[in-house]
Amino acid sequence: MSRDAILDPALHRSRRQRLLDALGDGVLLLPTAAATTRNGDVLHEFRPGSDFHFLTGFPEPEAVLVAFPTGAGRHRTVLFVRQRDKSREVWDGRRHGTAGAKRRFGADEAWPIEALWQRLPGLLAGKTQLFHRLSNDAAFDRRLLEMFKALAQKHRRRQPPQHPTISDPIPALAAQRVVKDAAELAALRRAGAISAAGHVAAMRNARPGRAEFEVQAVLEAEFRRQGSPRNGYPSIVASGANACVLHYHENDRTMRAGDLLLIDAGAEFDGNTADITRTFPVGERFTEVQAAVYRVVLRAQRAGIRACKVGATWDRAHKVCLRLLTRGLVELGVLRGRLDGLLKKQAYKPFYMHGTSHWLGRDVHDVGAYQDAADKPRRLVAGAVLTVEPGLYFAPRDPRVPAALRGIGIRIEDDVLVTAKGPVVLTADVPKEIAAIEQLRASAFPRR
């Protein structure tokens, strides 16, 4: 059975009910992600659509959820899925089919996906609202509009509305997903633990003369060994000046003594991903200059984590980190001037050009608004999970930077759960104190 299958009908029914209660009377129509071709007759690895999977736990492609209220606190779920097919299952693996959709995933009704456009008009009959996001899948939307056009033609003498009012359900669903339920938090904790184990394995493996991709192989092998079906995003394994490229992806440089290695990688578990970044020496120890920069970033990250409190704005961590990073840039001799003036003119921007936090969950940059209805920064609530990831990056040929700093890139990132008692770091199992990192790095160089 696919590791993406989550067999918890009660959990998914409660999530659907909560969403339908927020949306009001109408029909929810939600396809899963589309399977896409990589090349020739080879497909990219399929991953269920995050919203669809959140509401159903169903792991297969070519599936559509239809759900609608049937009374206070009640709703009906219809899943359209691929039929069992012995000839295709020889090639692609066993399918759940319509019977499995009902028995294992708690659908009230299940029909073959081929029947969607014949049965959907009956499910929409008498409904004035359709909750569906247009523009995600042009082919699906085209079929939907063709269905409405055919219905309008069929009933043209009575001239009813050509289609229900179509409303986007994703803002309501995104608001629901920002606050993690117990199952999501358990998955995020497990994803964090798996990711931490991978980072520690990488820290033990890196050494001069090895390629970045060799460390990546160790990292991701540990992810798989611990039960993660895939990464939450492509791993960044960036040594030396490559760490100054924020989304570096080649991972093919040979590491040298004196380099730092920045690894930004996270494992997925039960549809949720971790997001961890650590920077450590390819040799046994940080140089004095590397350690000085590292201490600035770590000081900012600690303060940013402390700022993740209920009631604080979501960007409070960013503002706290900006102040400490800018102060550190003055201490390092990169900037000159009064702190408030440097912050006002964003003098830090060439060396810290990204944000400090983003929502985390089923997607590495998870859904959820950052601004409230008044267009002000949203305030943190218990159950939200976000990253805190300050960094400093000194390009190798930047004449504004002291020569000793050029080519250094450092980022430190953890995943933080907001609780009523204060922030909880879900990824604390990876060392980030200099002494702890150097102690772990020493194990990569066994003494004779």
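Every number in this text was worked out from the coordinates using simple rules, so none of it is lab data. Keep in mind that what you see is a predicted model, and the values were worked out from it rather than measured. No Cβ is skipped: glycine too gets one built from the backbone with ideal geometry, and neighbour counts run over all protein chains shown.
Ranked by the mean number of other Cβ atoms within 10 Å of their residues, highest first, the peptides 42-48, 230-236, 299-305 come out as 299-305, 230-236, 42-48. Comparing Thr36, Thr356, Thr77 in a Gaussian network model of the chain where C-alpha atoms under 10 Å apart are linked, the largest mean-square fluctuation is found at Thr36.
What is the chain's relative contact order, in percent, from Cα pairs under 8 angstrom and six or more apart in sequence? Kindly include the intermediate steps, with their values, before the conclusion.
Details: 884 pairs, mean separation 61.2, N = 448.
Value for the chain: 14 percent.
Derived value for region 1-148: Kirkwood hydrodynamic radius 15.9 Å. Basis is the mean of 1/r over every pair of different alpha-carbon atoms.
By average Cβ neighbour count within 10 Å, what is the ranking of 276-283, 335-342 from highest down? Provide the component values of the computation, followed by the final result.
Working: 276-283: 23.8, 335-342: 12.6.
Result, highest mean first: 276-283, 335-342.
Ordering Ala300, Val78, Ala110 by Cα displacement along the dipole of the chain toward the positive end leaves Ala300 in first place; charges were set at the Cβ atoms of Lys, Arg (+1) and Asp, Glu (-1).
Working from the Cα coordinates of the chain, the gyration tensor eigenvalues give, after taking √(5λ), semi-axes of 46, 26, 19 Å in decreasing order.
Placing dummy labels 7 Å off each Cα toward the beta-carbon, the span from Arg156 to Asp375 is 4.5 nm. For region 9-176, the relative contact order is 22 percent, taking Cα pairs closer than 8 Å that sit 6 or more residues apart in sequence and dividing their mean separation by the residue count.
Evaluate E = 1/(1 + (r/R0)^6) for Asp85 and His354, where r is the Cβ-Cβ distance and R0 equals 45 Å; express this FRET efficiency to the nearest 0.05. Kindly include the intermediate steps, with their values, before the conclusion.
Details: r = 47 Å, r/R0 = 1.04.
Efficiency for this residue pair is about 0.45.
Roughly what % antiparallel, to the nearest 5, for the DSSP beta bridges in the chain?
Working: 40 of 49 bridges.
If we restrict to bridges inside the chain, about 80 percent are antiparallel.
At an R0 of 51 angstrom, the distance between the Cβ atoms of Glu284 and Asp41 translates into a FRET efficiency of 0.55. Among the listed pairs Lys127/Lys149; Lys180/Lys344; Lys127/Lys180; Lys345/Lys432; Lys376/Lys432; Lys127/Lys154, those with a Cα-Cα distance over 27 Å are Lys180/Lys344; Lys127/Lys180; Lys345/Lys432; Lys376/Lys432. Evaluated at q = 0.14, 0.16 Å⁻¹, a Debye calculation over the C-alpha positions of region 179-442 (equal weights, vacuum) places log10 I(q)/I(0) at -0.94, -1.21.
Can you compute the label reach from Asn205? Point 7 Å from Cα along the Cβ direction, backbone N cut-off under 18 Å, restricted to region 429-447. In region 429-447, the label zone of Asn205 (backbone N under 18 Å from the point 7 Å along Cα→Cβ) covers 430-431, 440-446.
From the helices alone, meaning DSSP H stretches of at least four residues, give me the mean residue ellipticity at 222 nm for the chain, per-run term -39500 (n - 2.57), in deg cm²/dmol to the nearest 500. Show your work: numbers first, answer last.
Working: 13 runs with 159 residues, N = 448.
Using -39500 (n - 2.57) per qualifying helix, the result is -11000 deg cm²/dmol.
Helices assigned as whole DSSP H runs in the chain whose Cα atoms extend at least 15 Å along their own long axis and whose mean Kyte-Doolittle hydropathy is 0.0 or higher are found at 182-205, 288-306, 316-331.
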